[in-house]
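Student: After the structure tokens below, expect a handful of questions from me.
Here, each number is a calculation from the coordinates, and none is a lab measurement. What you see is a predicted model; the values in this text were computed from it and never measured. Don't worry about glycine lacking a Cβ; one is built from the backbone with ideal geometry, like all the others, and counts go over all protein chains shown.
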């Protein structure tokens, strides 16, 4: 079983396709769950522990907006854990917790510089593209075994 | 450890959220089920949830999609009833992906049947200058 990071890290389609093939999808909700189970945090991920900014500082400098560092405290450990990654290029749908363009750029950059197998795709717009989309992901994930 | 998952059905699916909820009740595991418009949210111990996920997926292999959720169902920090309405955080991503779920379902079905994916459109590109020259020579020589 390989740990596959999906980008957007909240993507249901990618997480589902990864877990269908028996691999583990690294998604942001699993990291949020760890925070939810931590006693003393009223409203994660908006609340942070004193350790979180330190984690974020590993990936982004102190003059970078705090939102980027806060998000990187969740995404950074996932990137380090990842053995492979699937990246969606036309990610116009990223809103909410994944809505920070600079964090998204940094995430893609860190994944690409990590020298792990990466599959880059676009969300499909018609049936033919969807068949290719599913086929490419299956081929990529089977190749990881 | 507790685990929470979204079970989302594609628009092409004949399985209703209530069918999934009934299936979970039949299994008799200690799992909380919340029916929603897009599917169900299930919450319980990780082992129970993992076993249940496999059985739910078997109901309609290519039309049921499952995703992890950070917060348990009805959590006041996320529940719209407690926050005074408005879209739930994460709704827009799910809305966007739900729109293309029927396409993905068809892709999964064709993959399961072993159909070959059609070649990419990029392969039907314009011929390069060298190729064009070769074609002209072949045609007019």
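Student: Any chance segment B:30-37 includes a residue that's closer than 26 Å to residue A:124 by Cβ and in a loop (DSSP other than H, G, I, E, B)?
Tutor: Initial filter on segment B:30-37 (closer than 26 Å to residue A:124 by Cβ): B:36-37.
Then drop every residue that is not in a loop (DSSP other than H, G, I, E, B), which leaves B:36-37.
Yes, some residue in segment B:30-37 is closer than 26 Å to residue A:124 by Cβ and in a loop (DSSP other than H, G, I, E, B).
Student: Would you pick out the residues in segment B:74-85 that are assigned to a loop (DSSP other than H, G, I, E, B) and within 12 Å of chain A (Cβ to nearest Cβ)? So that I can check it myself, show each step before the final result.
Tutor: From segment B:74-85, those assigned to a loop (DSSP other than H, G, I, E, B) are B:74-79, B:84-85; that's our starting set.
Scanning segment B:74-85 gives B:75, B:76, B:77, B:78.
Student: Is it the case that segment B:40-49 has a residue that's in a helix (DSSP H, G or I), within 14 Å of another protein chain (Cβ to nearest Cβ) and more than 14 Å from the chain's Cα centre (by Cα)? Working first, answer last.
Tutor: So the first thing to find is which residues in segment B:40-49 are in a helix (DSSP H, G or I), and the list is B:46-49.
Applying the additional criterion that residues be within 14 Å of another protein chain (Cβ to nearest Cβ) yields B:46, B:49.
Checking the rest, the ones that are also more than 14 Å from the chain's Cα centre (by Cα) come to B:46, B:49.
Among the residues of segment B:40-49, at least one is in a helix (DSSP H, G or I), within 14 Å of another protein chain (Cβ to nearest Cβ) and more than 14 Å from the chain's Cα centre (by Cα), which makes the answer yes.
Student: Given the conditions (1) farther than 26 Å from residue B:69 by Cβ; (2) away from chain B (no Cβ under 14 Å), which single one is not true for residue A:111?
Tutor: For residue A:111, the exception is condition (1).
Student: Name the one entry in A:142, A:120, A:51 that is in contact with a strand residue (DSSP E or B) (Cβ under 8 Å, 6 or more places away or on another chain) and surrounded by fewer than 21 Cβ atoms within 10 Å (Cβ to Cβ). Show your work before the answer.
Tutor: On the way: A:142 fails: in contact with a strand residue (DSSP E or B) (Cβ under 8 Å, 6 or more places away or on another chain); A:51 fails: in contact with a strand residue (DSSP E or B) (Cβ under 8 Å, 6 or more places away or on another chain).
Only one candidate passes the filter, namely A:120.
Student: Now for a different question. Among the candidates B:105, B:110, which residue alone is touching a helix residue (DSSP H, G or I) at 6+ places or on another chain (Cβ under 7 Å) and assigned to a helix (DSSP H, G or I)?
Tutor: Details: B:105 fails: touching a helix residue (DSSP H, G or I) at 6+ places or on another chain (Cβ under 7 Å).
On inspection, the qualifying residue turns out to be B:110.
Table: residues versus (1) without any contact (Cβ under 8 Å) to a residue 12 or more places away in the chain; (2) under 19 Å from residue B:19 (Cα atoms).
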| position | (1), (2) |
| --- | --- |
| B:39 | no, yes |
| B:42 | no, yes |
| B:52 | no, yes |
| B:62 | no, yes |
| B:66 | no, yes |
| B:74 | no, no |
| B:88 | yes, no |
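Student: Would you point out which residue out of A:64, A:36 is out of contact with any strand residue (DSSP E or B) (no Cβ under 7 Å at 6 or more places or on another chain), over 30 Å from residue B:105 (Cα atoms), surrounded by 13 or more Cβ atoms within 10 Å (Cβ to Cβ) and within 8 Å of chain B (Cβ to nearest Cβ)?
Tutor: Details: A:64 fails: within 8 Å of chain B (Cβ to nearest Cβ).
That would be A:36, the only listed residue that is out of contact with any strand residue (DSSP E or B) (no Cβ under 7 Å at 6 or more places or on another chain), over 30 Å from residue B:105 (Cα atoms), surrounded by 13 or more Cβ atoms within 10 Å (Cβ to Cβ) and within 8 Å of chain B (Cβ to nearest Cβ).
Student: Another question about this same structure. Working only within segment A:10-25, note down all residues that are in contact with a strand residue (DSSP E or B) (Cβ under 8 Å, 6 or more places away or on another chain), at the interface with chain B (Cβ under 10 Å from one of its Cβ atoms) and not in a helix (DSSP H, G or I).
Tutor: A:11, A:25
Student: Also: Is segment A:92-100 home to any residue that is assigned to a helix (DSSP H, G or I), more than 9 Å from chain B (Cβ to nearest Cβ) and over 19 Å from residue A:2 (Cβ atoms)? If you could, list the steps in order and put the result at the bottom.
Tutor: Kept after step one, since they are assigned to a helix (DSSP H, G or I), are these residues of segment A:92-100: A:96-98.
Going one step further and asking which of them are more than 9 Å from chain B (Cβ to nearest Cβ), we end up with none.
No, that holds for no residue.
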